[in-house]
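The values are calculated or read from the model by the stated rules, or taken from the named source; none is laboratory data. All values derive from a computational prediction rather than experimental measurement. Here the Cβ positions follow ideal geometry from the backbone for every residue, glycine too, while neighbour counts run over all protein chains shown.
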Amino acid sequence: MDKIVVRGGKSLHGNVTISGAKNAALPVLTAALLTEETCTFSNIPDLVDIKTTYKLLRNMGVQIEGNSTIQISAEKITNSEAPYDLVKTMRASILVLGPLVARMGKARVSLPGGCAIGARPVNLHIKALQDMGASVELHGGYIEAKADRLKGADIYFDLPTVTGTENIMMAAVLADGTTVLNNAAREPEIVNLAEVLRGMGAKISGAGTDVITITGVTSLKAADASIIPDRIEAGTFMIAAGITNGEINILGCNSQHLEALINKLRDTGMTIAPIDGGLKVSAGPKIHSVDVKTIPYPGFPTDLQAQIMAYMAIGSGLSVITETVFENRFMHVSELIRMGADITIQGGSAIVRGVPTLYGAQIMATDLRASASLILAALVAEGTTEISRIYHIDRGYEGIEKKLSALGADIKRVKQ
């Protein structure tokens, strides 16, 4: 098992190019199940979760060729099951459920696994499919859904759910009639998926708002589309500039997807300005502590909560970071404390009192975004930090140690 070793104290400078968004690529890949024609998707990131999705789709008979740009053909779906051994490591595997029921009339999908950051129930997906006329049962850890053809329906999500919105949006594009998704999630990744589906001939309006309307069609054609840049990777590198007292040009990002973070980082004293092809991000003379509350998009993203906590750990005052999306997403706190951070958990909030210095230590990553926060802390820590269980980071960051090294960080991956 690999580990990442960081010798802190290096200020980061230079250019970094942002990869395609994992959370946009995964639903787009499963959308290929909706058509017999060959789709072409570009800007696909090289990540473990992408490779897992390829295995899952190939197990269903899907043909996939290429790397950053792929050709994907689901002309013949030979298997409508997503087995446990492929699903257990990635919760986004649930995204095959809607397309399979819509096109094949049936699906058998294992209940998903993934990062242990709290309950992300699939009951919202199941209820929506039932509202659309599907028969859905749970047997032996599997969701078994059947429908001759799904029917359009008015769907109300009790909570804005990203994968639920994506799953039911894909199910509805081949349904009989019109489906309205109320209290839908609004993330840019959903807009990207809607644009891809429209390119395939789907009739969708309202993506990016909390009401999405889909009028079903009888068949879809091929898509030729690009994946949007990863706003979470971009945000992580923006914080890296601030925490290391550096200056980084973030290339290939979309600033409109980062407004909540940009506003918060400016409050900490950072300077962020548009440049040709991206953003120039510069550290301020001191780090002003700020309060952060995670809420669904367009609010501050839960996927950047751990990273900004590492930043606030060396702030000039007291910061209250409140997590409202996932109830078990403070597992990085104990590891930051091992590095000298002063953090206290009170219910759903972390009270962070900034300290002058963090110190290198042997620490362990617990989930994907926690991994990123520990790397950020290690970049500014005094001495050497060894981060184990880094397989989490490979699920969502493409070559993060190579990109940071190119910016001047003393970081390397070591095989154990």
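Below are the figures for this structure:
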{"item": "Flag if ARG413 is basic (Lys, Arg), in contact with a helix residue (DSSP H, G or I) (Cβ under 7 Å, 6 or more places away or on another chain), over 25 Å from VAL290 (Cα atoms) and modelled with pLDDT of 95 or more", "result": "yes"}
{"item": "ALA172 out of contact with any Lys or Arg (no Cβ under 9 Å at 6 or more places or on another chain), among the small types (Gly, Ala, Ser) and crowded, with 24+ Cβ neighbours inside 10 Å", "result": "yes"}
{"item": "Unique residue being in contact with a Leu (Cβ under 9 Å, 6 or more places away or on another chain), among the polar types (S, T, N, Q) and farther than 22 Å from ASN245 by Cα when the list is THR324, THR294, THR302", "result": "THR294"}
{"item": "Unique match (being outside the structural domain of VAL162 (by TED's automatic domain parsing) and assigned to a strand (DSSP E or B)) among ILE337, ILE351", "result": "ILE351"}
{"item": "Residue ID - surrounded by the most Cβ atoms within 10 Å (Cβ to Cβ), chosen from residues in segment 288-304 that are β-branched (Val, Ile, Thr) and out of contact with any helix residue (DSSP H, G or I) (no Cβ under 7 Å at 6 or more places or on another chain)", "result": "THR302"}
{"item": "Subset of segment 376-416 (residues that are more than 19 Å from ILE337 (Cα to Cα), surrounded by 15 or more Cβ atoms within 10 Å (Cβ to Cβ) and aliphatic (A, V, I, L, M))", "result": "ILE393, ILE400, LEU404, LEU407, ALA409, ILE411"}
{"item": "Candidate set: segment 401-416, residues that are among the small types (Gly, Ala, Ser) and not in a helix (DSSP H, G or I); chosen: the one nearest to LEU376 (Cα to Cα)", "result": "ALA409"}
{"item": "Within segment 275-303, tally of residues that are part of a loop (DSSP other than H, G, I, E, B) and either at positive phi or under 22 Å from the mean Cα position of the chain (by Cα) (or both)", "result": "7"}
{"item": "Some residue of segment 373-381 being assigned to a loop (DSSP other than H, G, I, E, B) and either in contact with a His (Cβ under 7 Å, 6 or more places away or on another chain) or closer than 22 Å to ILE232 by Cα (or both)", "result": "no"}
{"item": "Strands (runs of 3 or more DSSP E) contained in segment 189-274 and holding at least 1 residues of a type outside the set (A, V, I, L, M, F, W, C) and within 21 Å of the chain's Cα centre (by Cα)", "result": "224-226"}
{"item": "Selected residue (only one of GLY235, GLY277 is surrounded by fewer than 17 Cβ atoms within 10 Å (Cβ to Cβ) and of a type outside the set (Phe, Trp, Tyr))", "result": "GLY277"}
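Results for (1) assigned by TED's automatic domain parsing to the domain that holds THR179; (2) in a helix (DSSP H, G or I); (3) crowded, with 19+ Cβ neighbours inside 10 Å, shown as yes or no for each residue.
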residue	(1), (2), (3)
PHE41	yes, no, yes
ASP46	yes, no, no
LEU57	yes, yes, yes
SER68	yes, no, no
THR89	yes, no, no
ILE94	yes, yes, yes
LEU100	yes, yes, yes
VAL109	yes, no, yes
